[in-house]
């Protein structure tokens, strides 16, 4: 039987629910369980909802909560769904947890949208966490990055290497 993967949800666009044409939104229920069910994922996972925040609203205390949970759960493999605006900052904050493979992912469009990238990114993160070495990684746009060599390009709506990259693939 494959090892269990712990998934920690923190909010972000991946879990946003929009209410009207003026783009009023709130962070809704974590969508990862529905995505995994719909994709017929067979690897064992345990989902824990930690936060329901836009990543621009995350505080140092929130990052401590994420770090403590990633460290304290017994699973070696941890996937964290996170808002894309401060994902890199959180990834850097998580570095140095011994014995853990941590992969952060998110979405540029909510998981509930038909044209979302959430489904692909979650799948990529689940695969990446099973094959990458110990450490912290970011899986976005079909690539895996080291937190020290990536940034969100807001104009292009993608993650890209920065030139100091220790990109994983």
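Here are a few things to note about the model shown:
- Within a Gaussian network of the chain (alpha carbon springs, distance under 10 Å), most fluctuating of 82, 137, 146: 146
- Stretchable slack from residue 112 to residue 68, in nm (0.36 nm times residue separation minus alpha-carbon distance): 12.9 nm
- Relative contact order [Cα under 8 Å, 6+ residues apart], the chain, whole percent: 22 percent
- Top of 38, 54, 117 by mean-square fluctuation, Gaussian network on the chain, Cα under 10 Å: 38
- Ellipticity at 222 nm from helices only: DSSP H runs of n ≥ 4 in the chain, each -39500 (n - 2.57), divided by the residue count, give -7500 deg cm²/dmol.
- Using a Gaussian network model of the chain in which every pair of alpha carbons under 10 angstrom is joined by a spring, one finds that among 94, 56, 104 the greatest mean-square fluctuation is at 56.
- Extension reserve of the residue 40-residue 89 stretch, reckoned as 0.36 nm per residue once the Cα distance is removed: 14.5 nm
- For 16, 100, order by how many other beta-carbon atoms lie within 10 Å, fewest first: 100, 16
- Our analysis of segment 5-161 gives Rg over Rh at 0.93, with the two radii drawn from alpha carbon positions and Rh computed by the Kirkwood formula.
- Of the residues 62, 15, the one with the fewest other Cβ atoms within 10 Å heads the list, and the complete ranking is 62, 15.
- Footprinting exposure proxy for 6, 151, 37 (fewest neighbouring C-beta atoms within 10 Å first): 37, 151, 6
- Full-extension gain in nm, residue 76 to residue 57, via 0.36 nm per residue minus C-alpha separation: 4.0 nm
Bear in mind that the values in this text are calculations on the coordinates, not laboratory data. Since we're looking at a predicted model, the values are computed, not measured. For neighbour counting, all protein chains shown are included, and Cβ atoms are generated from backbone atoms with ideal geometry for every residue, glycine included.
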